[in-house]
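A.B. asks: Below: one structure in structure tokens.
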Amino acid sequence: MSNFRKVILYTGTDGRAHFGEETLPLSEGTPQSRLTALYASGGYQLRESPVGFRSQFHCTTTPQWVFILQGQMEIGLQDGSSRVFHPGEHFYSADTLPPGVSFDPALHGHWSRQVGEEPLVTLFVRGD
């Protein structure tokens with residue numbers, strides 16, 4: 001049985017955003033079309049970000065899948081590390097603010113930016 005690699009952006013016990021990975025089993029379907037289990041979703045949105053777009057540090061309000069459809073998206077963390085995602089790549093954004101904590105832009109969240117010469121087009125699919 002094969003697995004699907006799920007890249008996760010999450011909030012650690014230290015309150016900071018981190019990247020991690022887990023595998024989802026491709027246990028359904030046929031040998032020619034292997035599938036994960038069916039997961040519920042809470043809707044989707046498409047976004048286009050122009051060349052030069054960059055956000056401030058922020059947390060994800062609702063966990064969601066982010067799929068890169070066009071362009072490149074860089075995600076930066078408080079520790080100075082970053083990761084660039086290209087068309088066809090994805091991650092699960094779940095770096096929510098810990099319960100009862102006020103947002104501190106010097107501690108919490110991540111930033112994102114468009115990279116390269118073409119606009120960034122992303123598909124956001126909310127978890128449920």
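A.B. asks: Can you find, within segment 39-59, the residue that is surrounded by the fewest Cβ atoms within 10 Å (Cβ to Cβ) among those that are in a loop (DSSP other than H, G, I, E, B) and within 15 Å of the chain's Cα centre (by Cα)? Before the answer, list the steps.
C.D. replies: The initial filter retains those residues of segment 39-59 that are in a loop (DSSP other than H, G, I, E, B), namely 39-40, 50-53, 55-57, 59.
If we keep only those that are within 15 Å of the chain's Cα centre (by Cα) as well, we get 55, 57, 59.
Working: Ser55: 14, Phe57: 18, Cys59: 18.
Within segment 39-59, the match that is surrounded by the fewest Cβ atoms within 10 Å (Cβ to Cβ) is Ser55.
A.B. asks: Still on this structure, I have one more. Just one of the numbered conditions (1) without any contact (Cβ under 8 Å) to a residue 60 or more places away in the chain; (2) of a type outside the set (Phe, Trp, Tyr); (3) out of contact with any strand residue (DSSP E or B) (no Cβ under 7 Å at 6 or more places or on another chain) is not true of Val101; which one?
C.D. replies: (1)
A.B. asks: Which residues, taken from segment 68-91, are over 18 Å from Val51 (Cα atoms) and buried (at least 19 other Cβ atoms within 10 Å of the Cβ)?
C.D. replies: Listed by number, the residues that qualify are Gln78, Phe91.
A.B. asks: In the list Gln56, Gln32, Gln114, which residue meets the criterion of being more than 16 Å from Val7 (Cα to Cα) and in contact with a Leu (Cβ under 7 Å, 6 or more places away or on another chain)?
C.D. replies: Details: Gln56 fails: in contact with a Leu (Cβ under 7 Å, 6 or more places away or on another chain); Gln32 fails: in contact with a Leu (Cβ under 7 Å, 6 or more places away or on another chain).
Just one listed residue meets the conditions, Gln114.
A.B. asks: So, one more: Looking only at segment 1-45, count every residue that is within 24 Å of Thr61 (Cβ to Cβ) and in contact with an Asp or Glu (Cβ under 6 Å, 6 or more places away or on another chain) and tell me the total.
C.D. replies: The first filter runs over segment 1-45 and keeps only residues within 24 Å of Thr61 (Cβ to Cβ), leaving 6-22, 24, 39-45.
Still in the list and also in contact with an Asp or Glu (Cβ under 6 Å, 6 or more places away or on another chain): 6-7, 9-11, 17, 40-42.
Matching residues across segment 1-45 total 9.
A.B. asks: List the number of the failed condition for Arg34; all other conditions in (1) surrounded by 14 or more Cβ atoms within 10 Å (Cβ to Cβ); (2) at pLDDT 95 or above; (3) of a type in the set (Lys, Arg) hold.
C.D. replies: Tallying (1) surrounded by 14 or more Cβ atoms within 10 Å (Cβ to Cβ); (2) at pLDDT 95 or above; (3) of a type in the set (Lys, Arg), Arg34 fails exactly one: (2).
A.B. asks: Could you identify the single residue in Gly80, Gly109 that is modelled with pLDDT of 95 or more and out of contact with any strand residue (DSSP E or B) (no Cβ under 9 Å at 6 or more places or on another chain)?
C.D. replies: On the way: Gly109 fails: out of contact with any strand residue (DSSP E or B) (no Cβ under 9 Å at 6 or more places or on another chain).
Step by step, each of Gly80, Gly109 is checked, and only Gly80 is modelled with pLDDT of 95 or more and out of contact with any strand residue (DSSP E or B) (no Cβ under 9 Å at 6 or more places or on another chain).
A.B. asks: How do the pairs read when you match residues in segment 30-51 that are without any contact (Cβ under 8 Å) to a residue 24 or more places away in the chain with residues anywhere that are surrounded by 12 or more Cβ atoms within 10 Å (Cβ to Cβ) and among the β-branched types (Val, Ile, Thr), using Cβ under 6 Å and keeping only pairs 6 or more apart or on different chains?
C.D. replies: The qualifying pairs do not exist here.
A.B. asks: With the structure loaded, tell me whether Glu118 is of a type outside the set (Lys, Arg) and part of a strand (DSSP E or B) or whether it fails that test. Lay out the reasoning, then the answer.
C.D. replies: Numbers: of a type outside the set (Lys, Arg): yes; part of a strand (DSSP E or B): no.
Here the answer is no, as Glu118 does not meet what is asked.
A.B. asks: Being without any contact (Cβ under 8 Å) to a residue 60 or more places away in the chain, under 23 Å from Glu118 (Cα atoms) and not in a loop (DSSP other than H, G, I, E, B): is that true of Gly76 here?
C.D. replies: Details: without any contact (Cβ under 8 Å) to a residue 60 or more places away in the chain: yes; under 23 Å from Glu118 (Cα atoms): yes; not in a loop (DSSP other than H, G, I, E, B): yes.
Yes.
A.B. asks: Scan segment 1-38 for residues that are closer than 30 Å to Ser102 by Cα and part of a strand (DSSP E or B) and jot them down.
C.D. replies: The answer is Lys6, Val7, Ile8, Leu9, Tyr10, Thr11, Ala17, His18, Phe19, Gly20, Glu21, Glu22.
A.B. asks: Okay, moving on. Can you spot a residue in segment 60-69 that is within 15 Å of His108 (Cβ to Cβ), free of Cβ contacts under 8 Å to residues at least 40 places away in the same chain, β-branched (Val, Ile, Thr) and outside any strand (DSSP E or B)?
C.D. replies: Yes; the residues of segment 60-69 include at least one that is within 15 Å of His108 (Cβ to Cβ), free of Cβ contacts under 8 Å to residues at least 40 places away in the same chain, β-branched (Val, Ile, Thr) and outside any strand (DSSP E or B).
The values are calculated or read from the model by the stated rules, or taken from the named source; none is laboratory data. Owing to the predicted nature of the structure, the values given are computational and were not obtained by experimental measurement. Positions of Cβ are backbone-derived with ideal geometry, glycine not excepted, and every protein chain shown enters the neighbour counts.
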